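The values are calculated or read from the model by the stated rules, or taken from the named source; none is laboratory data. No experiment lies behind these values; they were computed from the predicted model shown. All Cβ positions, glycine included, derive from the backbone under ideal geometry; neighbour counts span all protein chains shown. Calculation scope for accessible area: heavy atoms of the full protein, side chains included, ligands and nucleic acids excluded. Shrake-Rupley method; radii C 1.70, N 1.55, O 1.52, S 1.80 Å.
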Amino acid sequence: MQNQPTRRQFISATAALLSGVVLSNSKLFGAPALIRSLGDKPNSRIGGVQIGTITYSFRDMPDQSADATLQYVLDCGISAIELMGGPAETFAGAPKNPVNMQAIFPLMRKRRENQTLTDDEQKQLADADAQTKAYRAELTKWRLSAPMDKFAQLRKQYNQAGVTIYGFKPDAFGMNSSDAEITYGMQAAKQLGANQVTLEHPGNDAHTLKLGKLAEKNGIRVAYHGHEQQTPTFWDTALAQSPANAINFDLGHYIAAGQPDPLGFIRAHHTRIASMHIKDRQGPDHGKGNLPWGQGDTPLKQVLTLMREQKYTFPATVELEYKVPEGSTSVAEVKKCLAYCRNMLA
């Protein structure tokens, strides 16, 4: 267990930090949605460390539009993000996904973690898989002629509000994706201002080679994310294949996998880490839980301090995965995570 602040110290510091956040002024960003912006634009660069968030953190919010997503980010005080594909592609005119992803996400997690599914849950997943297959075919067709100017327009909208987009994560880079669809995803990312696209590591050397070479052609990096399969050598092959292949490190999952010396890994690979997800998970001896920050085994303070001292430029991306407490929202919890980072870097 790392040397974390006491719960009382953390709550007091968090309350003090959050009390200074005041919303003012109203601006229109893309009719008809009214986006309230911070009087002063958000700034989540703390001591030289860029704290961001992945918009997957807001997956439980009822409105998943680009305008609503921007407002969630602003309400958290975040100034840089890894943007999921849904809000951006919907803004650009993509066909609507018929699957209720808010209901399906928890079931997908249970399946990924090999948890027992009820007969009803298995049926829900099977139905969602069938709908997704049909939707994917329609979406793929749209992507091949998608208007790139809409992504540039979205970038301008976010930038004017004080939010930059450093990563883009559409599901356009899979094993069955054509070169044209992959190129679409990379070009859309560049129009958004991102320097990287992110995806789950495919576990296939031929595919990481293909993605790396296409990334070189398109002038962008491909950052591969990992869960508990992460090891110190997990990315070695992909990194050797192309200078455009990079790491989307997940600090919390690395701890849950029982891997030693995450700070050593970061020191050794910092030039190839494009971005890093941060959360507070327990190690294997304590149950691997996703917990409110400050209650788990993840050395958040040590890692953030290392980033500040060494002036690492890759962003630390808040990924909200612990259960949102009754009466709270994912926006409120991401705001708490940002306050925790401010306290650790103060």
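Between Arg45 and Gln295, what is 0.36 nm times their sequence separation minus the Cα-Cα distance? Round to one decimal in nm.
In short, 87.6 nm is gained.
Ordered by residue, what ³J(HN,Hα) values in Hz, to whole numbers, does the range 241-256 give under the Karplus form 6.51 cos²θ - 1.76 cosθ + 1.60, where θ = phi - 60° and Gly and Pro are x?
6, 7, x, 7, 7, 9, 10, 10, 5, 10, 4, x, 5, 4, 5, 4
Pulled fully out, how much extra length does the chain show between Thr305 and Lys213, if you take 0.36 nm times their separation in residues and subtract their Cα-Cα distance?
The span from Thr305 to Lys213 would gain 29.7 nm if fully extended.
Work the Kirkwood hydrodynamic radius out for the range 106-161: mean of 1/r over every pair of different alpha-carbon atoms, inverted, in Å.
That comes to 14.3 Å for the range 106-161.
Kindly report the accessible area of the range 244-340 per residue (heavy atoms of protein chains, probe 1.4 Å, no ligands, DNA or RNA), in Å².
Using a 1.4 Å probe on heavy atoms only, each residue of the range 244-340 averages 35 Å².
Does the range 65-139 come out rounded, prolate or oblate by the C-alpha gyration tensor, with a ≥ b ≥ c the root eigenvalues, rounded set by a/c under 1.5 and, if not, prolate when a/b is larger than b/c and oblate if not?
On the way: a/c = 3.04, a/b = 1.53, b/c = 1.99.
Cα axes put the range 65-139 in the oblate bin.
So if each residue of separation counts as 0.36 nm, and I subtract the Cα-Cα distance between Arg59 and Ala240, what length gain in nm does that give?
Taking 0.36 nm per residue and subtracting the Cα distance, the gain is 61.7 nm.
How big is the range 269-342 by the Kirkwood estimate over distinct Cα pairs, in Å?
13.3 Å
Would you be so kind as to identify which of Gln115, Ala146, Phe105 lies farthest towards the positive end of the dipole of the range 95-156, taking Lys and Arg as +1 and Asp and Glu as -1 on Cβ and the Cα centre as origin?
Ala146
Taking only the C-alpha atoms, wrap a convex hull around the range 196-253 and report its volume per residue in Å³ as a whole number.
Hull volume over Cα atoms, normalised by residue count, gives 66 Å³.
Provide Rg over Rh for the range 107-237; use the alpha carbon set for both Rg and the Kirkwood Rh (inverse mean inverse pair distance).
Ratio value, two decimals: 1.01.
Taking the Cβ-Cβ separation of Leu263 and Glu138 as r and a Förster radius of 35 Å, what is the calculated FRET efficiency to the nearest 0.05? Walk me through the numbers on the way to the answer.
On the way: r = 45 Å, r/R0 = 1.30.
The pair Leu263/Glu138 has a calculated efficiency of 0.15.
For the chain, what % of the accessible area comes from carbon and sulfur atoms, probe 1.4 Å? If you can, show how the numbers build up before the last one.
On the way: 8060 of 15470 Å².
Its accessible area is 52 percent carbon and sulfur atoms.
Please label the shape of the range 161-264 as rounded, prolate or oblate, based on the square roots a ≥ b ≥ c of the eigenvalues of the alpha-carbon gyration tensor (a/c under 1.5 means rounded; beyond that, a/b larger than b/c means prolate, else oblate). Don't skip to the end; give the middle numbers.
Numbers: a/c = 2.05, a/b = 1.38, b/c = 1.49.
Oblate shape, in that a/c is at least 1.5 and b/c is the bigger or equal ratio.
For Asp250, Asp67, Asp236, Asp261, what's the largest-to-smallest order of accessible area, 1.4 Å probe? Before the final figure, lay out each step's value.
On the way: Asp250 0, Asp67 20, Asp236 75, Asp261 95 Å².
Per-residue accessible area, sorted high to low, gives Asp261, Asp236, Asp67, Asp250.
Over all directions, how big on average is the projection of the convex hull of the alpha-carbon atoms in the chain, in square nanometres?
17.1 nm²
Give me the dipole magnitude in Debye, nearest 20, for the range 156-273 about the Cα centre, with unit charges on the beta carbon: positive for Lys and Arg, negative for Asp and Glu.
My answer is approximately 480 debye.
How many nm separate the modelled label positions at Gln131 and Ala180, each set 7 Å beyond the Cα in the direction of the Cβ?
Taking the simple label geometry, Gln131 and Ala180 are separated by 2.8 nm.
In the structure displayed, which of Lys156/Lys190; Lys133/Lys288; Lys169/Lys213; Lys110/Lys133; Lys96/Lys217 lie more than 22 Å apart, Cα to Cα?
Pairs exceeding the cut-off: Lys133/Lys288; Lys96/Lys217.
Mind checking which of His269, His253, His286 has the largest fluctuation in a GNM of the chain, springs on alpha carbons under 10 Å?
His286
Taking the Cα centre of the range 193-332 as origin, sum charge times position over the Cβ atoms of Lys and Arg (+1) and Asp and Glu (-1), and report the length of that vector in debye to the nearest 20.
480 debye
Where nothing but the Cβ of Lys and Arg (+1) and of Asp and Glu (-1) is charged, how large is the charge dipole of the range 241-310 around its Cα centre, in debye to the nearest 20?
Its charge dipole is roughly 140 debye.
Keeping all protein chains in place, calculate the accessible area per residue for the range 60-145 (probe 1.4 angstrom), answer in Å².
Per-residue value: 52 Å².
Run through the DSSP bridge list for the chain and note the antiparallel percent, rounded to the nearest 5.
20 percent
Describe numerically, in nm with one decimal, the distance between label points set 7 Å from Cα along Cα→Cβ at Gln187 and at Asn114.
The answer from the label model is 4.2 nm.
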